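Everything below concerns the one structure shown next.
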Amino acid sequence: MKLKTVYVCSECGAQFPKWMGKCTSCNSWNTIIEEVISEAPAKSKVSVLSTPAATSSSPKTIKDIDSADEERTLTGMGELDRVLGGGLVKGSLVLVGGDPGIGKSTLLLQICETMGKAGKILYVSGEESQRQIKLRANRLGITTENLKIYSETNMSLIIDCVFRENPDILIVDSVQTMYNPEIQSTPGNIAQIRDTASVLMKIAKENSISVFLVGHVTKEGSLAGPKVLEHIVDTVLYFEGDRHQSFRILRAVKNRFGSTNEIGVFEMRGNGLEEIPNPSQAMLSGRPENVAGSCIICTMEGTRPVLAEVQALVSPTAFGNPRRMASGPDLGRSLMLMAVLEKRGGLRMSAYDAYVNIVGGLRITEPAADLGLALAIASSFCSTAIDSETVAIGEIGLTGELRSCSFLESRIAECEKLGFKKCIIPSSGTGKLKKFKNIELCPFSDIKGVIDKFCK
Ligand code: TYD
Ligand code: MG
C-alpha cells in the first residue's frame, strides 16, 4: 500500500499538498496539520458491512413521501430533551462536544437509567475501563439492566459488536480515541475522526440506532476537530461552563430536528448532574444587595427568558491606556457601550479601567443586555447602587437612544414572576404591552435619562 502525506485543515477539513500557515479555504491560521494516508485504502470491512444493498431510492413527489412524525425517546432529563427539540430522534447522530472534564461522560451515563426503559443501550468507551464506568454508574445510581458497557477503540470490533448486540441506542465516548485499523493515521487525526463519524452515521441511518458521539474540544479547537464533524452529524450539542464553577450549559449549535436557540442548564454535584429548571433563580442566588456596580438583566435563551446579574468594576487608570476586560458579555460590545456612556451619558470613562462580568458563567451576545451592562458600569462609576429589585432591558444605539427588543412582554413577565418590583424598558416598546400588576414599568428613551434617574 502506498503512503502519501497530505496537509489537512483541522477547522474545515480542506486538503493541501503542502503545509501553509493559513488555510486558504476557511482563512484560519495554524490549523493545518500533517496527515499520512494510504493512497488506495482497501475497502474496509466497516463500509462493506454497512453498504446499502438495495436501498437506493428513486425520486418521489413530496406528497407521496411518508411524513409520520419522527419517533422520539425521552432521555429523562427535561433540559436535555428540550435542547434536542423534544427528545432523542430515532436513528439520529448527536455529537456532544465540550472541554475535557466538563461532564459529557457523566451526562450520557446518567440518561441511561431512563433510556434503558425504552430500549437496549450499548456504551462504548475508549477512555475508561469497564470497572471505572461501573464505579461511576454506582455513584450515579444507575441500575438499569438494559445497559452494556464495552471498552474498545477499534472501530471494526465495535461495528461487529453493534451488529451482534443490536442496541437501540449507541453511545461512543469519544471520537478522538476511536480508530479504523485500515486507515494509516493515529487515533484523533482528522482522517480517523471523519471516518468514525461517517461510519456511525451510516449505522444510525440504516439500522435506526440513535447514536451519541462524544467529542473533546480544546481551547484552540486544534487537533480535536469536532468542527470537521459538524456537517456530518444531525445534531451538535456543546457542553460549556467553567470547570471551576458548578453550572453547566448545554447548547445546540446545529439541530436537524429542532431549534438551535435552546439551552439546558445543569449543576455538577457530588452525585452527578442535576437539572436546573429555573436558571434565573440559580443565576441570581447569593447576589449582593444594594451595592454599586451590579445590575440585573433579562436575556432570552431560546424560548426562555433568563435573568442574570451583570457586575462592573470601574477604577481610575494607573497608566495611560485604560484597561478593559469582559467575561460573559462581548468585549467589543462593552467597549462600544463605554464609548456611548462617555459621549452621550457624560461619564469620563477614558480615565478609568473597567471590568465587566456576568455571574454564573453565562455568555451573552444579545443586544437587549446593553442597558443592564451600561447601568452596571455607570453605577460603579458613580458609586451609586441600583436598587436590587430593579431589572434593565433594552438595546442601546450609538446615539444613546434606547431601542426595543424582542419578547419584551415575556421578559417582563419573568421578572415579575421572580419578584422584581421595577423594570427599566425602552419607551418605544411600551405601546403593545399588556398591564402588569406587580411590577412597575419605567420607560426611558435614552441612556442619559436612565443614568440621571438611577445613578446620580
Ligand atoms: P466527565 O463526565 O468525566 O467529563 P468528560 O467526559 O466531559 O471529560 O466529568 C468529569 C468531572 O465531573 C470530574 O472532574 C468530576 C466531576 N464529577 C462530579 O463532580 N460529580 C460526579 O458525580 C461525577 C460523576 C463527576
Ligand atoms: Mg469522558
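Quick notes on this one:
Each row is one residue, and each column tells you yes or no for (1) outside any helix (DSSP H, G or I); (2) at pLDDT 85 or above.
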{"position": "Met201", "(1), (2)": "no, yes"}
{"position": "Val214", "(1), (2)": "yes, yes"}
{"position": "Val233", "(1), (2)": "yes, yes"}
{"position": "Asp242", "(1), (2)": "yes, no"}
{"position": "Met268", "(1), (2)": "yes, yes"}
{"position": "Gly286", "(1), (2)": "yes, no"}
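- Scanning region 429-456 for residues that are modelled with pLDDT of 90 or more and farther than 22 Å from Ser280 by Cα turns up Pro443, Phe444, Ser445, Asp446, Ile447, Lys448, Gly449, Val450, Ile451, Asp452, Lys453, Phe454.
- Remark: Met336 falls outside the filter, which requires a residue to be in contact with a Lys or Arg (Cβ under 8 Å, 6 or more places away or on another chain) and aliphatic (A, V, I, L, M).
- So Ser151, is it within 22 Å of Leu250 (Cβ to Cβ) and free of Cβ contacts under 8 Å to residues at least 60 places away in the same chain: no
- Each residue in region 63-88 was checked for being modelled with pLDDT under 90 and among the aliphatic types (A, V, I, L, M), and 2 of them qualify.
- 3 or more residues touching a Ser or Thr at 6+ places or on another chain (Cβ under 7 Å) and more than 16 Å from ligand 1 (Cβ to nearest atom): qualifying helices (runs of 4 or more DSSP H) within region 55-169: 112-118
- Meets criteria (away from ligand 2 (no atom under 15 Å from the Cβ), at pLDDT 95 or above and among the hydrophobic types (A, V, I, L, M, F, W, C)) for Leu122: yes
- Restricting Pro288, Pro279 to those that are under 17 Å from the mean Cα position of the chain (by Cα) and closer than 30 Å to Phe454 by Cα reduces the list to Pro279.
- First in region 293-307 and at positive phi, second anywhere and part of a strand (DSSP E or B) and among the polar types (S, T, N, Q), Cβ under 9 Å, 6 or more apart: Gly293/Gln311
- Qualifying residue in region 89-104 (condition: over 21 Å from Leu229 (Cα atoms) and either at pLDDT below 95 or more than 16 Å from ligand 2 (Cβ to nearest atom) (or both)): no
For (1) assigned by TED's automatic domain parsing to the domain that holds Ile249; (2) among the hydrophobic types (A, V, I, L, M, F, W, C); (3) under 30 Å from Phe266 (Cα atoms); (4) more than 30 Å from the chain's Cα centre (by Cα), each residue gets a yes or a no:
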position	(1), (2), (3), (4)
Ser315	no, no, no, yes
Phe319	no, yes, no, yes
Gly332	no, no, yes, no
Met338	no, yes, no, no
Leu341	no, yes, no, yes
Ala354	no, yes, no, no
Ile364	no, yes, yes, no
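- Flag not set for Glu274, criterion: under 16 Å from the mean Cα position of the chain (by Cα), within 16 Å of ligand 1 (Cβ to nearest atom) and in a strand (DSSP E or B).
- Gly215, sole failed condition from (1) away from ligand 2 (no atom under 16 Å from the Cβ); (2) farther than 30 Å from Leu307 by Cβ; (3) within 17 Å of the chain's Cα centre (by Cα): (1)
- Count of residues meeting criterion [touching a residue at least 40 places away in the same chain (Cβ under 8 Å) and among the basic types (Lys, Arg)] in region 407-456: 3
The values are calculated or read from the model by the stated rules, or taken from the named source; none is laboratory data. Keep in mind it's a predicted model, so treat the numbers as computed, not measured. Here Cβ is always computed from backbone atoms with ideal geometry, including for glycine, and neighbour counts include all displayed protein chains.
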